[in-house]
Amino acid sequence: MAVAHWMQQWESASWNSSVQDWISRVLDAYGVSQAGPLERVTHGLGAVVISVPTEAGPLYFKAAAPTRSHEAELVSRIAPRSKGLIPQPLAVELDEGWMLSPGLGDTLSGQPVPRDPGGWRRVFAEAASLQTALSAAAEELAEGGMPGFLPDSAAEYLNGALLLHAQLPPEHPLHISGEDAEMLAQGLATVEDATRRLAAVPVPLTLQQGTLDPAQILVPASARASHLFIGWADARWSHPFGLVGEAVQRLCEVHGVEPSQEPVRSMLLAYLEPFTDAAPVSELVELLGPASLVAQAQRHEALVELLLLADPEDQAAYAPEALRRLAGALATPGRTSRRSARAGAHGGTRQSNRAQQGSSGPGRRRAR
């Protein structure tokens, strides 16, 4: 089986020795002793995460795939401006894209979705607070460039993405037929209309993660503490409302309601309230659909850029997800090719297991 070159590197003895040496130097600088051997927590296409036992408690080392190596620098810049909602790394190695962070608890993905909506209402409110804090720090965060996916570029990006998929060899897992590309292209007009609607309301852009994923939210240590938001490899300078679409859909399914019904309505209002300086809530609600299209395009870019460098097996495993995001961005979620459907039938299980380990990678357009 072929393996992406960075994953081969992560398996090498020399790389693991270098990681241990770096961790040891960081621990020495903090006056902390390591209490046991390093242990792999996840080892996926996008990143490897290693647990570091110490006398002061567990730490976590993360190394990202080459197209995601900017995450360590990005987190080190945004954490101080996050109102305590993003953990500050203990150390980063910018040339390697390495990061050592404190162990701060479990993620929400390890818990059942609560029937009591209070916890998720807090998540939405704190996510909005984080979005506005990062938006206010735009000038500081933009120093040196920042991954961006501006809403008004979405239609152009998607048109290019259709050409990319169609021009790949027919045997390539990410290939779509010319007929499918033309069919999907019918959604470009919807995307253009969506971006015009977003531009008409002055909601400030911000750095958003791509989706409000339970695997990227740490459970508070106490009732008074806040949730913490981790996993910023997919983050882009974009429209903040794209963050919540998939979480809203998931919560509506759990509670058997529409977004306009309780308890999901209260969660949405908690998210939108900090943005009411731009427009009344009734107008902001109308932007959620258009922003979700942009977010799907953003997440498609993040995943495909990584997959183009991956081995064929991983490309086949993640192709259904990439094409789902493409179709979702073009407001045509059911219109993927027959080849894609077959790929999903054969690769879906492997995808669902490995996607939890970090599948996406950055599109490195820069917000200016």
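Bear in mind that the values in this text are calculations on the coordinates, not laboratory data. Since the structure is predicted, the reported quantities are computational estimates derived from the model, not experimental observations. All Cβ positions, even for glycine, are placed from backbone atoms using ideal geometry, and neighbour counts span all protein chains on display.
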Within the stretch 76-167, DSSP-loop GluC sites (Glu not before Pro) with at most 14 other C-beta atoms within 10 Å are GLU143
Of the residues THR107, GLY118, ALA133, the Cα lying farthest along the dipole of the stretch 63-199 towards its positive end, which is defined by charges on the beta carbon of Lys, Arg, Asp and Glu, belongs to GLY118
The local net charge around ALA137, scoring Lys/Arg +1 and Asp/Glu -1 for residues other than ALA137 whose Cβ lies under 13 Å from its Cβ, equals 0
With +1 at each Lys and Arg Cβ and -1 at each Asp and Glu Cβ, the charge dipole magnitude of the chain around its Cα centre, to the nearest 20 debye, comes out at 400 debye
For the stretch 132-280, shape from the Cα gyration tensor axes a ≥ b ≥ c, cut at a/c of 1.5 then a/b versus b/c, turns out prolate
The value for the chain (convex hull of the alpha-carbon atoms, volume per residue, Å³) is 141 Å³
With R₀ set to 25 angstrom, the calculated FRET efficiency between the beta-carbons of LYS83 and GLN111, to the nearest 0.05, is 0.60
Compactness summary of the stretch 5-102: radius of gyration and Dmax from Cα atoms, Å, are 13.1, 39
Given Cβ charges of +1 for Lys and Arg and -1 for Asp and Glu, the option among THR332, ALA72, PRO169 whose Cα lies farthest towards the positive end of the dipole of the chain is THR332
per DSSP, antiparallel bridges as share of beta bridges in the chain, % nearest 5, sits at 95 percent
With label points set 7 Å from each Cα along the Cα-to-Cβ direction at ASP28 and ASN16, the distance between them in nm comes to 2.2 nm
Contour minus Cα-Cα span, VAL281 to GLN186, at 0.36 nm per residue, comes to 31.1 nm
